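Below is one structure, written out as structure tokens; the observations come after it.
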Amino acid sequence: MSSHLEFRSISRTFGDAEVLHQISLTVQPSGCVALLGASGSGKSTLLRIAAGLDEPSSGEVLVDGENLAGIPSEQRGVALVFQKALLFPHLSVVDNVAFSARMAGQSRKASREHAMAYLELVKLADLAHRSPGKLSGGQEQRVALARALARTPRILLLDEPFSSLDSGLRDTMYSLMGDIRAELAPTIVLVTHDRREASVLADSIAVLDSGRILQHGPVAQLHYQPATLAVNRLLGGLN
Ligand code: ADP
Ligand code: MG
């Protein structure tokens, strides 16, 4: 499942506003890079571009050296999980996950089996036949993760997936992310504005500020050798 992801000098302007400025960033196969930055710094825009939901004004996204320009979103092998799960309300949990596997080209039978396997991975197999309306927020996000994984994506993009959960539930999700990395080893970009989350989950942190990467390095390096005051402020403090 793991692939090399490269953003090569990505810029994005909306009208007069340059929201991303020559972003270059590499994620190694099976690596997890956290993209940390204040609200409005351009994090979601960068993920949307990688997922094919938006186009860069200039620059390229490459997966295993293949330029994704012009490749439709559903053919990219890139799955995006949002802050809100957005499950189909009329489908059961397992059918939500199986639908995603079907869209990725699996047969009806295989898609159901895969869906159950992914629900087991996120520890929700016992709720497979529940309606999404009867799930808690944490359970919904676990289904959203299973649904993304059911596409067997080359790249997993997570856009603040845990930010609406309380801190105890977040710790459960972190442990689950550890299981997913150990079992499937996808290449991950995790967007967050929570420095603790970035430190716990990622191998390296890229700090985004007003559409520019201020610093990208191993978690410890950003803590102990921040390149600028702005980086220090984002990573500083006691937690
Ligand atoms: P973040 O996810 O870091 O909070 P976003 O990538 O959502 O930031 O947004 C970065 C900036 O780009 C914001 O100022 C936002 O208003 C602007 N922006 C995002 N999408 C659009 C769009 N479709 N049209 C105009 N401006 C946009
Ligand atoms: Mg965002």
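Bear in mind these aren't lab numbers, they're just calculated from the coordinates by the rules spelled out. No experiment lies behind these values; they were computed from the predicted model shown. No Cβ is skipped: glycine too gets one built from the backbone with ideal geometry, and neighbour counts run over all protein chains shown.
A few points about this structure:
- Three-way shape label, region 73-169, alpha-carbon gyration tensor, a/c 1.5: oblate
- Estimated vicinal HN-Hα couplings, Hz - region 97-105 in sequence order (Karplus 6.51, -1.76, 1.60; Gly, Pro = x): 6, 5, 4, 5, 5, 4, 4, 7, x
- Paramagnetic reach from ARG108 (point 7 Å along Cα→Cβ, amide N under 20 Å) across region 68-96: 90-96
- The ASP54 and SER30 beta-carbon pair, evaluated with R₀ = 30 Å, returns a calculated FRET efficiency of approximately 0.70.
- For the pair ASN232 and ALA220 in one chain, pulling the backbone fully straight at 0.36 nm per residue adds 3.1 nm over the alpha carbon distance.
- A straight line joining the Cα centroids of region 128-152 and region 1-78 runs 25 Å.
- As a length-normalised measure over Cα pairs under 8 Å and 6 or more apart, the relative contact order of region 1-141 settles at 20 percent.
- Positive-end ranking of SER57, LEU47, PHE82 along the dipole of region 14-102, with charges on Cβ about the Cα centre, is headed by PHE82.
- Rounded, prolate or oblate (a/c below 1.5 giving rounded, otherwise prolate when a/b exceeds b/c) for region 91-130 by Cα gyration tensor: prolate
- Peptide packing: for 100-108, 137-145, the average count of neighbouring Cβ atoms within 10 Å per residue gives the ranking 137-145, 100-108, highest mean first.
- Fraction of antiparallel bridges per DSSP, the chain only, in percent to nearest 5: 55 percent
- Length gained on full extension, SER73 to TYR174: 33.6 nm, using 0.36 nm per residue less the C-alpha separation.
- Label point distance in nm, SER210-GLU120, each placed 7 Å from Cα along Cα→Cβ: 5.2 nm
- Dividing the mean sequence gap of close Cα pairs (under 8 Å, 6+ apart) by how many residues the chain holds gives a relative contact order of 28 percent.
- Rounded to the nearest 500, the helix-only mean residue ellipticity at 222 nm of the chain stands at -10500 deg cm²/dmol, with each DSSP H run of n ≥ 4 adding -39,500 (n - 2.57).
- On the principal axes of its alpha carbon atoms, the chain extends 51, 43, 31 Å, with the longest extent given first.
- Relative contact order, percent, region 70-205 [alpha-carbon distance under 8 Å, six or more residues apart]: 30 percent
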